[in-house]
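Notes follow the structure.
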Amino acid sequence: MKKTLLYPTLFFTLVVLFSCNSEPEFNFNYYSKEEKAVLDKTLNLPDLPDDYTVELPQHLRNAGLFARASERDKAILGRVLFYDTKLSKDGTISCGSCHKQNIAFGDERQFSLGVNNSVGERNSISLYSVANFSAYYGTDLNGSSAIRFFWDNRAATAKDQSTGSITNPLEMNMHGNEIVAAVQNQDYYAPLFTKAFGDQTVSFDRVLDALSNFVNAMGSYNSKFDLEANKIPNNYGNIASYSANFSGFTSEENKGKALFMTHCASCHTANMGRPALYSGNNGLYEVYPDQGVGGQTKITSDMAKFKVPTLRNIAITAPYMHDGSLKTLDDVLEHYNTGIKNHPNLSSQLKVNGVPKHDFLSPTDKQNIIAFLNTLTDQSSLTDKRYSNPFKQ
């Protein structure tokens, strides 16, 4: 009797011990010990890979927006590439130099600095101005109706956008073969490429693929606005759905929201998802030195038109406009209230009886709108380690 009881007990004990001992060993060895040693010399990456799954808030899903799945190991590789200054001509600039996480992946400078302290020509767009790139950006993911990249909408995909920044003489100033060589010279890339692609082969297309997966996994959608918008019953993303007061908003925030829906949402969208207008002219100048979309298309009706961005995290991404010429949100609202120029391509949303709108906001109105715009800040996204600089300082 004792023997027959002992064997099952011993077997059970061995199974438990084996299971308990094997799980940490398995987890630790996602990267081999040799790979982990190489990575740890330069990078702060977790033993287990981060999850890059994006689930947009319910109110955006109700409006038909869904994030595309990102390939995790490519996103991890893309994160390293995004912050690697060795991928620039002088070894000082990375994508993260002009897109800083603590300010919603924007830049506090009017024009970002590139290699050899060269100065860019347009203000860097905040990458957290969108809920998620993959939900409505990129023709490769969303077809011909997709939103495109850059102020002039010239880049069709995240790959095109990355290529433009990498090769721009005023930014990173590198060619594809130079990028390949720079990556091959860093030992920490070998295990990351192996995980992402199955082998260590480096190509410019693979670099762009990884960067695209990282950028397309980005998103900012946990703001106070999102929390309140999720409470709206039967919400399908139109302006009417957002017109009622939000119970969690202050009186000033609700008043500002109402003013925004009346005067701003027809261009910038009510749900802070896909912008309502693809491109437009907002009367910043009578004569534009930069022709924006028209500079690409050469079509007269496109001249001096620029991307209409969504406004997530707008309160922390000054300066504003394609040229960074407006320093504060007060400046922006004063422009729309008293400063709109009657450019031939001025967007119709900014006209009344054929002339620019004028003096339609009181000082209190402007402060209320700013109070509302502050509800679009997603503090959690500004410190999310999955998107932070992985290089040891």
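The values are calculated or read from the model by the stated rules, or taken from the named source; none is laboratory data. Small disclaimer: the values here were computed from a predicted structure and weren't measured. Every residue, glycine as well, gets a Cβ built from its backbone with ideal geometry; the counts of neighbours run over all protein chains shown.
What the table below lists for this structure:
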{"quantity": "Flag if Val115 is modelled with pLDDT of 95 or more and more than 22 Å from the chain's Cα centre (by Cα)", "calculated": "yes"}
{"quantity": "Top-ranked residue in segment 289-312 [being under 24 Å from the mean Cα position of the chain (by Cα) and basic (Lys, Arg); ranked as nearest to Ser266 (Cα to Cα)]", "calculated": "Lys307"}
{"quantity": "Of the criteria (1) crowded, with 16+ Cβ neighbours inside 10 Å; (2) at pLDDT 95 or above; (3) in a helix (DSSP H, G or I), which one Gln296 fails", "calculated": "(1)"}
{"quantity": "Output for segment 154-177, where each listed residue is assigned to a helix (DSSP H, G or I) and either over 20 Å from the mean Cα position of the chain (by Cα) or surrounded by fewer than 18 Cβ atoms within 10 Å (Cβ to Cβ) (or both)", "calculated": "Gly164, Thr167, Gly176, Asn177"}
{"quantity": "Near pairs, Cβ below 7 angstrom, 6+ apart or cross-chain, from segment 265-294 (free of Cβ contacts under 8 Å to residues at least 40 places away in the same chain) to any residue that is in a loop (DSSP other than H, G, I, E, B) and among the polar types (S, T, N, Q)", "calculated": "Ala270/Asn238; Ala276/Thr269"}
{"quantity": "Members of segment 29-83 that are of a type in the set (Val, Ile, Thr), crowded, with 20+ Cβ neighbours inside 10 Å and assigned to a loop (DSSP other than H, G, I, E, B)", "calculated": "Val54"}
{"quantity": "Answer residue from segment 225-234, given it is on the phi < 0 side of the Ramachandran plot and surrounded by fewer than 19 Cβ atoms within 10 Å (Cβ to Cβ) and is modelled with the lowest pLDDT among those", "calculated": "Pro233"}
{"quantity": "Unmet criterion (only one of (1) out of contact with any strand residue (DSSP E or B) (no Cβ under 8 Å at 6 or more places or on another chain); (2) surrounded by fewer than 23 Cβ atoms within 10 Å (Cβ to Cβ)) for Gly114", "calculated": "(2)"}
{"quantity": "Pair list, Cβ < 6 Å and 6+ apart or interchain, from segment 186-198 residues that are outside the structural domain of Ser88 (by TED's automatic domain parsing) to residues that are in a loop (DSSP other than H, G, I, E, B)", "calculated": "none"}
{"quantity": "Boolean, Arg312 is outside the structural domain of Cys264 (by TED's automatic domain parsing) and either in contact (Cβ under 8 Å) with a residue 60 or more places away in the chain or not in a loop (DSSP other than H, G, I, E, B) (or both)", "calculated": "no"}
{"quantity": "Single unsatisfied condition, Thr364 versus (1) assigned to a helix (DSSP H, G or I); (2) among the β-branched types (Val, Ile, Thr); (3) in contact (Cβ under 8 Å) with a residue 24 or more places away in the chain", "calculated": "(3)"}
{"quantity": "Residue in segment 315-329 that is buried (at least 18 other Cβ atoms within 10 Å of the Cβ) and in a strand (DSSP E or B) present", "calculated": "yes"}
{"quantity": "Filter pass, Glu121 being in contact with a Gly (Cβ under 6 Å, 6 or more places away or on another chain), outside any helix (DSSP H, G or I) and modelled with pLDDT of 95 or more", "calculated": "no"}
{"quantity": "Index of the failed condition, Ile232 passing every other in (1) touching a residue at least 60 places away in the same chain (Cβ under 8 Å); (2) part of a loop (DSSP other than H, G, I, E, B); (3) within 24 Å of the chain's Cα centre (by Cα)", "calculated": "(3)"}
{"quantity": "Residues of segment 179-207 that turn out to be outside any loop (DSSP other than H, G, I, E, B) and either modelled with pLDDT under 95 or within 26 Å of the chain's Cα centre (by Cα) (or both), as a count", "calculated": "14"}
